[in-house]
Amino acid sequence: MSKSGHDADVELRTSEDAAEFLEIDPLHGGDGDDAVGGVEAFAAEYHLTDELDVLWKAAILLQHGGGVDDDADVDGLAVADLAAWRRERSHKWHQPKMLYFVMFCCSLGAVEQGFGQTSMNGANLFVKEALHVDPAQLGLINCGLFLAQSLIGSWMAQPVNDRIGPRGAIFVATLLCFIGNASSALSGSWPVLLVARVVLGIGLGLNASTVAVLAGESAPASIRGGLGVSWQMFTAFGIFLGCLANALLNGHAADVVWRLQLAAPAIPTVPLLVLIFVCPESPSWYINRAHYGKAFAALTKLRNTKLQAACELYAHYVAKREQTKVSADGEHALWALIRCSDIADPIQESEPATFASKLASLLTVPRNRHAVYASYIVMITQQLCGINIIAFYSSTIFLSSGFPAAAALWASVVFGIVNFLGAFPAIWTMDAFGRRRLLLWTLPPMAVTMALASLTFGLSHGKAQLVLLAGLIYLFCALYSPGVGLVPVAYSAEVYPPTSARWA
């Protein structure tokens with residue numbers, strides 16, 4: 001993973017702090033070259049001599065730590081250069097259309113994630129009779145998707161991304177999702193349906209581990225936190241679309257409706273298969289392979305000015321060149337400099353490492369081990385809080401409580417709406433209040449609402465019981481969305497050092 005935002009609970013270094021912290025001069029070569037030599041050597045080595053002027057300006061800005069007062073003049077930079085640089089800070093949401101196009105494509109991947117998971121919510125009501133499935137087999141079909149997602153798909157992410165890049169990985173994941181959804185709809189027996197859901201789960205696991213990374217590595221740091229919530233927000237939108245499709249398709253014959261419900265999530269995969277290669281490749285992926293020319297070309301499409309792209313690019317070149325020992329406060333100087341640039345943390349490996357050694361480092365290196373504890377706790381909390389029961393079985397829950405089938409499906413649509421709309425406040429609260437506070441404020445009342453919802457099953461069936469059950473489920477969802485629904489993804493992406501982020 002890559003960092004998708006900044007935690008308000010931990011004050012990160014600004015550009016000025018990083019410049020003071022690092023005892024290096026971005027303008028000079030590591031071996032004491034003169035100021036011009038460092039930039040010129042970089043441009044010559046990586047075939048960027050045509051961009052030498054803008055790289056030199058970027059190096060000057062890095063020498064100033066990226067912080068330039070509104071009324072300050074900087075030798076070597078024109079007034080127009082300074083105005084463009086300051087505008088990047090004062091108009092942070094004014095970004096190129098290509099950046100938002102990348103976010104749109106990533107949102108399609110997130111929609112597929114939620115849509116694909118929720119289609120079974122409605123199909124559960126009909127597939128039991130259609131395929132003669134007993135409760136244990138139905139439970140296996142439902143959990144098969146998540147087992148494949150966690151045990152196969154997510155573990156494929158790192159090698160597939162390394163081999164063909166994030167865009168290629170998203171294409172493969174989306175193709176698997178299309179095949180999984182289509183084959184689910186064509187299943188003639190429950191074992192075939194189980195295999196189809198496993199294929200879908202593999203695609204969704206690879207998709208979930210890649211789409212958010214591409215979004216984070218494409219976005220500038222100033223808005224990465226806000227854009228970072230887009231993954232979970234549009235996953236919630238996909239859940240809403242799944243619930244809506246389940247309800248709208250309910251009028252068809254019982255032996256057809258479940259097939260249509262399982263086929264519907266294939267719809268968002270089609271445009272994503274076509275559009276993903278229109279997006280620039282992740283700049284971090286190019287930088288990790290020392291393809292600075294290609295990284296610069298990608299960055300120029302994702303940033304408003306070449307100056308901003310050059311500053312990010314050269315900052316990472318300097319960071320890789322000036323790898324230093326861990327500082328007194330336990331943080332790599334390398335990471336400090338990377339934090340002052342906008343591009344997401346690239347993974348630096350000074351020497352080849354095996355799969356086993358990389359995996360072992362998550363537990364043997366204290367810094368990594370602490371991050372594993374923290375991220376796994378919030379991730380497990382998200383999965384065990386009860387949201388999956390509602391996402392998969394809300395229609396069944398409402399039906400067993402006395403709702404007619406059609407009403408149960410529409411009650412699930414309301415759940416999808418609440419889940420989606422509840423994510424919007426996190427765009428602002430994620431950075432304003434911090435990740436930990438959001439969890440502390442939402443988890444206790446979530447536990448209370450879930451406990452009370454379970455008690456309603458002891459009440460006699462009637463309008464009051466239905467309203468109370470539905471209201472408590474919707475309240476639970478409204479608390480989940482801006483809290484444990486969004487925080488774990490952003491938090492887990494931020495707590496790891498660059499060398500271990502993708503492996504976790």
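The values are calculated or read from the model by the stated rules, or taken from the named source; none is laboratory data. Note that the structure is a prediction, hence the values are computed from the model and not measured. Backbone-built Cβ (ideal geometry, glycine too); neighbour counts: all protein chains shown. All accessible areas refer to the heavy atoms of the entire protein, side chains included, with ligands and DNA or RNA removed. Shrake-Rupley method; radii C 1.70, N 1.55, O 1.52, S 1.80 Å.
On a C-alpha basis, how far is the centre of segment 112-147 from the centre of segment 359-374 in Å? Whole number, if you could? Here the answer is 36 Å between Cα centres. Note on Leu440 and Ser454: their simple-model spin labels are 2.6 nm apart, each label 7 Å out from Cα toward Cβ. Magnitude of the charge dipole for segment 342-489, about its Cα centre and with charges confined to Cβ atoms of Lys, Arg (+1) and Asp, Glu (-1), is about 420 debye. Rolling a 1.4 angstrom probe over the protein heavy atoms with all chains in place gives segment 345-475 an accessible area of 52 Å² per residue.
Per-peptide packing, taken as the mean over residues of other Cβ atoms within 10 Å, places 386-392, 214-220, 412-418 in the sequence 214-220, 412-418, 386-392 from highest down. Taking label positions 7 Å along the Cα-Cβ direction at both Leu175 and Phe104, the computed distance is 2.5 nm, reported to one decimal. Give me the percent of the accessible area of segment 84-153 that comes from carbon and sulfur atoms, probe 1.4 Å, all protein chains in place. After summing per-atom areas, the C and S share lands at 67 percent. The alpha carbons of segment 347-477 give a radius of gyration and a Dmax of 20.3, 67 Å, in that order. Surface analysis of segment 101-215 yields an accessible area of 33 Å² per residue, using protein heavy atoms and a 1.4 Å probe. As a rough guide to protection, the peptides 301-308, 436-443, 361-368 ranked by mean Cβ packing within 10 Å, highest first, stand as 301-308, 436-443, 361-368. Within segment 119-245, the proportion of C-alpha pairs whose separation exceeds 18 Å stands at 58%. The label-point distance for Ser361 and Leu151, in a model that sets each label 7 Å from Cα toward Cβ, rounds to 2.8 nm. As an equivalent ellipsoid, segment 92-134 spans semi-axes of 40, 7, 5 angstrom, where each value is the square root of five times an eigenvalue of the C-alpha gyration tensor, largest first. Peptides 232-244, 142-154, ordered by how many other C-beta atoms sit within 10 Å of their residues on average, highest first, read 232-244, 142-154.
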